[in-house]
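Worksheet: the structure to be examined is printed underneath.
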Amino acid sequence: MAGVGPADAIESRCGARMSNTIFVLNGPNLNLLGTREPELYGRATLADVEKLCRTTAQRFGLTVEFRQSNHEGAIIDWIQQARAEGAAGLIINPAGFTTTSIAILDALYTLEAPVIEVHITNIHKRESFRQHSYVSLAARAVIAGFGIEGYALAVSGLASMISAKE
Ligand code: DHK
């Protein structure tokens, strides 16, 4: 495939053109990253996560819509926006909505583009109530326990899934 650059659309495996934008959505309390239980979530802030996503995405000619909300409906609206705009993929850390939100799952099911689920902590090493994810049912891959580096892994894994070349 010739020159995927920031200004170009990506060609999917089946030949369809799609946007070179990926959405990175963050759920409740992630606005407090850096000060919230730093022994678990680390000292990096959400602004640091955003910068990491943008610099990683740039390597693959992808641009990032980076959002955070404490409100389930806002996250659903952004998933629908990603669908309407033909986003190339979507990365989501649903945080506390992971284990509760059938509505977010239903919204994710409407996307044709790949969905990657990210958790900063290893949820499988934590309380049992954190270990059942509705979102995983719609996710092509799940990353947990790498700290904020998991977002960079998610961006590069997503780039490879959608054949965006470095
Ligand atoms: C973040 C949260 O806010 C929790 O509700 C999840 C997740 C874990 C994380 O590890 O990023 O249980």
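The values are calculated or read from the model by the stated rules, or taken from the named source; none is laboratory data. Since the structure is predicted, the reported quantities are computational estimates derived from the model, not experimental observations. Neighbour counts are summed over all protein chains in view; Cβ atoms, including those assigned to glycine, are modelled from backbone coordinates with ideal geometry. With ligands, DNA and RNA removed, areas are computed over all heavy atoms of the protein, side chains included. Shrake-Rupley method; radii C 1.70, N 1.55, O 1.52, S 1.80 Å.
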Exercise. What are the residues in segment 48-76 that are of a type in the set (S, T, N, Q) and away from the ligand (no atom under 16 Å from the Cβ), if any?
Worked result: Thr55, Thr56, Gln58, Thr63
Exercise. Within the group Ile79, Ile104, which residue is touching a Pro at 6+ places or on another chain (Cβ under 7 Å) and more than 10 Å from the ligand (Cβ to nearest atom)?
Worked result: Ile104
Problem set entry | Qualifying residues in segment 124-162 (those that are more than 9 Å from the ligand (Cβ to nearest atom) and part of a strand (DSSP E or B)) - the one most open to solvent (accessible area, probe 1.4 Å) | Val142
Seminar exercise, completed: Filtering segment 34-47 for residues that are within 11 Å of the ligand (Cβ to nearest atom), at negative phi and either in contact (Cβ under 8 Å) with a residue 60 or more places away in the chain or among the acidic types (Asp, Glu) (or both) leaves a count of 2
Exercise. When segment 114-123 is examined, which residues are found to be away from the ligand (no atom under 12 Å from the Cβ) and open to solvent by 10 Å² or more (accessible area, probe 1.4 Å)?
Worked result: Pro114
